[in-house]
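Peer 1: Quick one: the structure is below, and I'll ask about it shortly.
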Amino acid sequence: MEAASEPGQYAYARGEEVIARLSGTDVYHVQGGGQLSEACVPNWTIAQIVSARRRRTCATYLVRFRHDECECFVWVSESSIDGVC
């Protein structure tokens, strides 16, 4: 399911830059081809919304960000997003 597919369904739209908290998430490191160790992940980042999906009563967002010059992806809950940039 894509972000903003129905009015009011998601708080954030595809392409928006947001401040996302990353603690407790599984960050996928594209160039490394796997998950980053939690010790290597920053507490928060500025990320771009790629997609969204509904899980039970809350929305989760797939976000893309750069870490150490490499592209990373992670699913975060709507409550882990502190707003737009």
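Peer 1: One residue is enough: does segment 62-82 have a residue meeting the conditions part of a loop (DSSP other than H, G, I, E, B), more than 20 Å from residue 13 (Cα to Cα) and more than 8 Å from the chain's Cα centre (by Cα)?
Peer 2: Narrowing segment 62-82 to residues part of a loop (DSSP other than H, G, I, E, B): 68-69.
Adding the requirement that they be more than 20 Å from residue 13 (Cα to Cα) leaves 68-69.
Going one step further and asking which of them are more than 8 Å from the chain's Cα centre (by Cα), we end up with 68-69.
Yes, some residue in segment 62-82 is part of a loop (DSSP other than H, G, I, E, B), more than 20 Å from residue 13 (Cα to Cα) and more than 8 Å from the chain's Cα centre (by Cα).
Peer 1: Out of the residues in segment 35-59 that are of a type in the set (Val, Ile, Thr) and at pLDDT 95 or above, which is nearest to residue 24 (Cα to Cα)? Lay out the reasoning, then the answer.
Peer 2: Initial filter on segment 35-59 (of a type in the set (Val, Ile, Thr)): 41, 45-46, 49-50, 57.
With the extra rule that they be at pLDDT 95 or above, the set shrinks to 45-46, 49-50.
Details: 45: 14, 46: 17, 49: 19, 50: 20 Å.
Only one residue tops the list, namely 45.
Peer 1: Sticking with this structure for a sec: Given the conditions (1) part of a loop (DSSP other than H, G, I, E, B); (2) surrounded by 15 or more Cβ atoms within 10 Å (Cβ to Cβ), which single one is not true for residue 20?
Peer 2: Only one criterion in (1) part of a loop (DSSP other than H, G, I, E, B); (2) surrounded by 15 or more Cβ atoms within 10 Å (Cβ to Cβ) is unmet by residue 20, namely (1).
Peer 1: Exactly one condition in (1) in a strand (DSSP E or B); (2) more than 13 Å from the chain's Cα centre (by Cα) is false for residue 47; which is it?
Peer 2: Tallying (1) in a strand (DSSP E or B); (2) more than 13 Å from the chain's Cα centre (by Cα), residue 47 fails exactly one: (2).
Peer 1: Which residue pairs have Cβ atoms under 6 Å apart, sit 6 or more places apart or on different chains, and have a first residue in segment 50-61 that is without any contact (Cβ under 8 Å) to a residue 12 or more places away in the chain and a second that is surrounded by fewer than 18 Cβ atoms within 10 Å (Cβ to Cβ)?
Peer 2: Every condition considered, no pair remains.
Peer 1: Look through segment 1-15, keep the residues that are modelled with pLDDT of 90 or more and crowded, with 19+ Cβ neighbours inside 10 Å, and return whichever of them is nearest to residue 67 (Cα to Cα).
Peer 2: 12
The values are calculated or read from the model by the stated rules, or taken from the named source; none is laboratory data. Quick caveat, the model's predicted, so the values are computed rather than measured. Cβ coordinates were reconstructed from backbone atoms using ideal geometry, including for glycine residues, and neighbour counts include every protein chain displayed.
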